[in-house]
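Following: one structure in structure tokens, then a few remarks.
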Amino acid sequence: MSYPYTDHRWHSDYQAVCKRRSNESLQYIIEDCQNAIRAYPENPKCEQYQDEIHYCAMELSKRRSA
């Protein structure tokens, strides 16, 4: 993805990438982002990490209900 996080296209592209990742990869990303937020909650990238968690969790949820 070549867009900055603030560009709405980043969100669409990230969701598309999540569809191609394995369940294990999505779970790893969720855990990694959670750890990063806990380690440095003042980090300006925390909002992006929260979005990554959300999009990965959304994809896992879709797969479970399919």
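What follows draws every value from the coordinates through simple rules; no lab data is involved. All values derive from a computational prediction rather than experimental measurement. For neighbour counting, all protein chains shown are included, and Cβ atoms are generated from backbone atoms with ideal geometry for every residue, glycine included.
General observations
- With a simple spin-label model that places each label point 7 Å from the Cα along the Cα-to-Cβ direction, the separation between Ala39 and Val17 comes to 1.8 nm.
- Checking every one of the chymotrypsin sites (Phe, Trp or Tyr not before Pro) in the chain against DSSP loop status and a limit of 16 other Cβ atoms within 10 Å picks out Tyr5.
- Residue range of the chain that is longest and free of trypsin sites (Lys or Arg not before Pro) which are both DSSP loop and sparsely packed (at most 16 other C-beta within 10 Å): 22-44
- The candidate values are [x] 17, 13, 12; [y] 20, 16, 9; [z] 30, 9, 6; the one derived from this structure for semi-axes √(5λ) of the Cα gyration tensor in Å carries the label [y].
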